[in-house]
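To start, the structure itself, in structure tokens.
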Amino acid sequence: MSSIDNYSTKLLLDIKDNNLTFSNFYLADDQVTKILVAELKLPWSTCPNCRYPLVHNGHYVSHVRYLSANASKPLQIELHKQRLYCQSCHHSFMANSPLIDKHCSIANPVKQKIIQDLTTDRAMTDIAQSNHVSANTVLRTFTKFKHLPQDTDYNYLPEHLGVDEFRGVGRQLHFICVDDDTHEIIKILPTRLKKEIMACFKKFPLIVRSRVKTITMDLNAYYQDLAQELFPNAQIIIDRFHIVQMLNRSFNQLRVQTMKQFKHSDRRYSLLKYYWKSYLKPYNQLEVKQVKYYQHLKDRLTQEQIVEEGLAVSPKLRATYDLMQDFRQALANHNPKQMSQLCDEDVALGEQMKITLKTFKHNRKAVLNAATSKYSNGCVEGTNRKIKQIQRTAYGYRNFSNMTARIRLEAKNAILKENNLSMIA
Ligand SMILES: [Zn+2]
């Protein structure tokens, strides 16, 4: 056992308790764990009940796990808690420290470190290992955080919302609502049922809900009805990505249909099959000068020539292609007028494209908003990707509230306030 300096030890361990004094240290039997010996004194020498002088009544020794600088070398404090006895009222007193809770052998800074670690994308067993605690301790600390009262402010809603759904506990779809400006998660609901969404947002008074200006979403008619009912002044914006995706899919469907009319050895089959990516490229970005040798066609052509030759196979395919390109162009140029005209265009189109246009016409205003608004569903989709990662790291969640608590911890704006941490510890 060697003696150590009390002041510098406390400085290094960031311990401010004046009643605690370090005296020496030794290695445990495993020759790895360092054990610091400290005495914890009671701040008074007379009985707080009857002012009678207290007498010595031994020490209570407990081993407290503490943070160590090197994760492979655990650190423990052998804490000698002073016990005093009052001979007048027969009360006994034991020293206490804000460093550790009663009946607990894990120091509070360790618990704070665990919560800090839980905000990163790490498995609980991993966090347990690096802090020299059991996985159950991590879970217990996490549960404490989970049950902290959440200060939900029903007098505020952001002006720009994004809604979507993601797959989570039990392969179920959960509803998610995000602030489009700050990317903060506003709500995650266990289901996407109308009843639940209504009940959740009806808690906000109508005046608060009326302040919402835009709501971005994918082409889900279900949410549009809900949004109109809940947020009377909000403009619905269909996500740009989903519009383009629907157009591309509709074109691709017709392309495959046309392609299948020909034999595999046919040049037209190869034109439509192997160079599908060129058709989806914006027309003005196609290579027009540089000639390349194409293996499947055994020919030297430019990209534009391939597209033109492929489209010449069928007038219907040509018309569908033109519509897809024009619509995408109009969207990129923020031209809602042209988009509206294209919706009404009456030419022979592929079946799938007809359905797509019908959907656009049905949600005309919301689709046209996509061209003029700077908001899109990008941030919700990004949040969903992050949630997917959280679920993967945990090998899936079985409990919805555990999942949302962890998402809350790992969220971008989860700034852990000091008082928040002290509430857990
Ligand atoms: Zn007393």
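The values are calculated or read from the model by the stated rules, or taken from the named source; none is laboratory data. All of these numbers come straight from a predicted model, not from anything done at the bench. Virtual Cβ from ideal backbone geometry, glycine too; neighbours counted across all protein chains shown. Calculation scope for accessible area: heavy atoms of the full protein, side chains included, ligands and nucleic acids excluded. Shrake-Rupley method; radii C 1.70, N 1.55, O 1.52, S 1.80 Å.
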Task: TRP276/GLN172 FRET efficiency (R0 22 Å; Cβ-Cβ; nearest 0.05) - done: 0.05
TODO: Let me know the whole percent of all Cα-Cα pairs from the chain that are separated by more than 36 Å.
DONE: 53
Open item on the list: Using the Cα centre of the stretch 241-372 as the reference point, and only Cβ charges (+1 on K/R, -1 on D/E), how large is the resulting charge dipole? Debye, rounded to the nearest 20.
Closed with: 360
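If contacts are Cα pairs under 8 angstrom and at least 6 residues apart, what is the relative contact order of the stretch 38-90 in percent?
46
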Task: Of all DSSP beta bridges in the chain, antiparallel share, percent nearest 5 - done: 70
TODO: Work out from phi, with θ = phi - 60° and the Karplus expression 6.51 cos²θ - 1.76 cosθ + 1.60, the ³J(HN,Hα) of each residue of the stretch 181-190, listed in order in whole Hz, and give x for Gly and Pro.
DONE: 8, 9, 6, 7, 7, 8, 8, 10, 10, x
- [ ] Report ³J(HN,Hα) in whole Hz for each residue of the stretch 34-46, in order, from the Karplus equation J = 6.51 cos²θ - 1.76 cosθ + 1.60 where θ = phi - 60°; Gly and Pro get x.
- [x] 8, 10, 9, 9, 9, 10, 10, 9, 7, x, 10, 10, 10
Open item on the list: Suppose the chain between GLN285 and SER23 were pulled fully straight at 0.36 nm per residue; how much longer would it get relative to their current alpha carbon spacing?
Closed with: 86.8 nm
TODO: Whole number in Å², please: accessible area per residue of the chain, 1.4 Å probe, ligands, DNA and RNA not counted.
DONE: 55
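Around ALA405, under 11 Å between beta carbons, what's the net of Lys plus Arg minus Asp minus Glu among the other residues?
+3
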TODO: For the stretch 2-105, give the share of DSSP beta bridges that are antiparallel, in percent and rounded to the nearest 5; count only bridges with both residues there.
DONE: 75
Task: Cβ-based charge dipole, the chain, positive-most Cα from TYR269, VAL212, MET403 - done: TYR269
Open item on the list: Using only the heavy atoms of the protein chains and a 1.4 Å probe, how would PHE327, PHE400 rank by accessible area, largest first?
Closed with: PHE400, PHE327
Open item on the list: For the stretch 241-372, I need the span (max minus min coordinate) of the C-alpha atoms along each principal axis, in Å, sorted largest to smallest.
Closed with: 48, 31, 21
Task: Over the chain: helical MRE at 222 nm, DSSP H runs n ≥ 4 each giving -39500 (n - 2.57), nearest 500 - done: -12500 deg cm²/dmol
TODO: Return a single number: how many Lys pairs in the stretch 2-105, at a sequence separation of 8 or more or on separate chains, have alpha-carbon atoms below 22 angstrom apart.
DONE: 14
Open item on the list: Just to be sure I follow the rule: in the stretch 322-407, considering lysines 8 or more places apart or on different chains, how many pairs have Cα atoms under 18 Å apart?
Closed with: 5
- [ ] Please identify, among ASN155, ASN402, ASN335, the residue showing maximal mean-square fluctuation in a Gaussian network model of the chain using a 10 angstrom Cα cutoff.
- [x] ASN155
- [ ] Summarise the accessible area of the chain (1.4 Å probe, protein heavy atoms) by the percent that is carbon and sulfur.
- [x] 51
